[in-house]
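> Below is the structure I would like to discuss, written out as structure tokens.
Derivation of every value follows stated rules applied to the coordinates shown; laboratory data play no part. On a predicted model such as this, the values are computed, not experimentally measured, just so you know. All Cβ positions, glycine included, derive from the backbone under ideal geometry; neighbour counts span all protein chains shown.
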Amino acid sequence: MMNQTIVKDDHSRVVLQKTTQNFFLYIILSCVAIVTVFPFLWVFFTSFKGPTDAVYSVPPQLIPHDPTFENYLRVWELLPVGRFFTNSIFVTLSVVVLNTLFTSLAAYPLAKMKFRGSNTIFYLLLVTYIIPPALTAIPSYILAVRVFHYYDHIQAAILPYLATVFNIFLLRQAYKGVPDDLIDAGRVDGASELRIWWDIVVPIIRPSLATVAIITFVEQWNNFFWPSLVLPTMTNKTLQVGLVALQGAFLNDSRGIAAGVVMTVVPMIIFFLLLQKQFIRGLTGAVKG
Amino acid sequence: MTKKFSLTPYLFLTPALVAIAIFVVYPIFAVFYYSFTDYSIVTPPVWIGLKNYSWLIHDTIFWRSLAHSFVYLLVTPILIVLSIILAIVVNRKLPGIQAFRALFFIPVISGSIAVGIAWRLMLDTNGIINAILLSLGILKEPMQWLAEPALTLPFCMALTIWLGVGYYMMIFLAGLQNIPEELYDAAMLDGCNSWQKHWHVSIPGLRPQITFVAVISSLAALQVFNEVFTLTGSLGGILQSGYTVVFYLWQQAFRLSHAGKASAIAMALLVITLAFSITNIRLLERGTETD
């Protein structure tokens, strides 16, 4: 009898504990969520504020009473935003496709073939991984101006990213999981190495290819340092570089700058919300690789 | 496997290796050479021996930038602690937890330039932060947040943390989900409360992720540029209060066209990065061995 009440008591105590615990958890989660979302919300609302809605007032006003597209139109009128978009899309897609192709080609022999110099190549690549991008930017800039003459051409933003060591390592790890038997079977059938790679091996490592593509996609869409150095002409700028130009041109026009920020960020957020699982798995899955 | 010499592996490697040779390997040697020259990019480089390095050693701005870059490394422990706590919080089955996780991840994909510009607007004298603090009575008059030299670096670091915490949280979350449930049960039987259980089970279990995050986030901290660039409006802050090594390199190379001096800074950065990666990995390896 006594035992039973203790058990029952214990049980209700545990339930109560659980509810209060969950309550506190939700409070923590909501606080973090507010800190995370607030800048986006504020920029979003500010970008729709007309001249009668204050950007700065005490107490603050968040939501516009009289929402307008005026700020977006002004930005589009003064800057070639359409060009920023097409440039960003072109650069990002080119790098994603070419980089994924080149690194998946390069990683294959490093994982699955025995050849002279494979260790040397592997360790050299490992060493280059820690070279600061700011260091390589100086000679790359000089190459762009003096040797390749693509300074201020869109290719300048693409070519330095054709292959990245990180992606090679990630894919090398993925290839290692492919059974040798499958590859040998292809060889017995007399298929060429390129055929074996494309028909047998690539389909198996497709999830890792998606990881590489997503990492490269996010990196390139948000890339600023290098494109800002080599794309001076307004119509050649990518979105990120254009956004900084917009900030300079709209100095005291918070509403216009906010509109620019929204246009730069929203496509990526929509993309993320649509492909949440792939994004998170892709960007963090690299750790195990 | 055939032992015969075959061109195949080299053909697979060629496109990537050519690109890496041009854009990563060649630049190391080029920077090394430029660092001994006076080079304005427009006119050809002129050999000046060690002059750039002796300039660098006596340059107070360089030392200030270097000190700032080391201070910046503080983001690493803060990021690790915050993102582990957050990972523990979101690592449970609660209604809506997926939405929270996705929400916390949004800054990671938003890009530091756009977010940095948004922060700059918010921290403006006529920005929302002042408006909120004034109406709550915390401030009596608006602060010039970004004109305060002592605050430049902390705000940049806060931005770095805000941008990164969701990413590292996801890494730790994946790590937590790999820890066998039995270990927690055993800890509970040993009389651990829920805090002790995380201390004794979660933290040791997350060792590989902690190593990874420590290396990645500290290397990123040594390379920081975008946060400083956006929050200081490309000027680096009053009295160089936001200068980091990479910011100073950028300024010398691309604002002042001092490619020679910038190359000397780049060599210093390379040495620091190398030394740092090696000690980092050594330290963390020793950490795992004593376990």
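> Is there a quick way to get the dipole size of the protein assembly as shown? I mean about its Cα centre, with the Cβ of Lys and Arg at +1 and of Asp and Glu at -1; what is the value in debye to the nearest 20?
For this selection, approximately 780 debye.
> Across the residues of B:53-64, average count of Cβ atoms on other protein chains within 10 Å?
0
> What distance in nm lies between label points placed 7 Å from Cα along the C-beta direction at residue B:97 and residue A:251?
Label at residue B:97, label at residue A:251, 5.2 nm between them.
> Shifting gears a bit: If I build a Gaussian network model for chain B, linking alpha-carbon pairs within less than 10 angstrom, which residue out of B:175, B:116, B:49 has the largest mean-square fluctuation?
Its mean-square fluctuation being the largest, the pick is B:49.
> Of B:275, B:253, B:19, which is the most mobile in a GNM of chain B whose springs link Cα atoms less than 10 angstrom apart?
Sorting by GNM fluctuation, first place goes to B:19.
> How high is the relative contact order of chain B, given as a whole-number percent (alpha carbon pairs under 8 Å, six or more residues apart)?
Relative contact order here is 30 percent.
> Something else about it: Can you list the HN-Hα couplings for the range A:119-136, worked out from phi with the Karplus curve (6.51, -1.76, 1.60; θ = phi - 60°), rounded to whole Hz and with x for Gly and Pro?
5, 4, 4, 4, 6, 4, 4, 4, 5, 5, 4, 9, 5, x, x, 5, 5, 5
> How many partner chain Cβ atoms sit within 10 Å of a residue's Cβ in peptide A:141-153, on average, as a whole number?
Other-chain Cβ atoms within 10 Å of each residue's Cβ, averaged: 2.
> Taking Cα centroids, how far is the range B:154-181 from the range A:213-289 in Å?
21
> Could you pull out the pairs from A:176/A:277; A:18/B:197; A:49/B:93 whose alpha carbons sit more than 28 Å apart here?
Checking Cα-Cα distances, A:49/B:93 exceed 28 Å.
> Next question. Which one of A:236, A:22, A:99 has the biggest mean-square fluctuation once chain A is modelled by GNM with Cα springs under 10 Å?
Fluctuation is largest for A:22.
> Would you mind computing, in nm to one decimal, how far apart the modelled labels at residue B:277 and residue B:257 are, each placed 7 Å from Cα along Cα→Cβ?
Taking the two extended label points, one gets 3.3 nm.
> Nearest 20 debye, what's the magnitude of the dipole of the range A:2-67 about its Cα centre given +1 on Lys and Arg Cβ and -1 on Asp and Glu Cβ?
220
> Taking a ≥ b ≥ c as the square roots of the eigenvalues of the Cα gyration tensor of the protein assembly as shown, is the shape rounded (a/c under 1.5), prolate (a/b larger than b/c) or oblate?
oblate
> How far apart, in nanometres, would the label points at residue B:207 and residue A:176 be if each is projected 7 angstrom from Cα along the Cα-to-Cβ direction?
Spacing of the two 7 Å Cα→Cβ label points: 1.9 nm.
> What dipole magnitude, in Debye to the nearest 20, does the range A:72-285 give about its Cα centre under +1 on Lys/Arg Cβ and -1 on Asp/Glu Cβ?
Using Cβ point charges on Lys, Arg, Asp and Glu, the range A:72-285 gives about 160 debye.
> Let me ask something additional. I'd like the mean, over residues of A:100-112, of how many other protein chain beta carbons sit within 10 Å of each residue's own Cβ.
Average per residue, whole number: 4.
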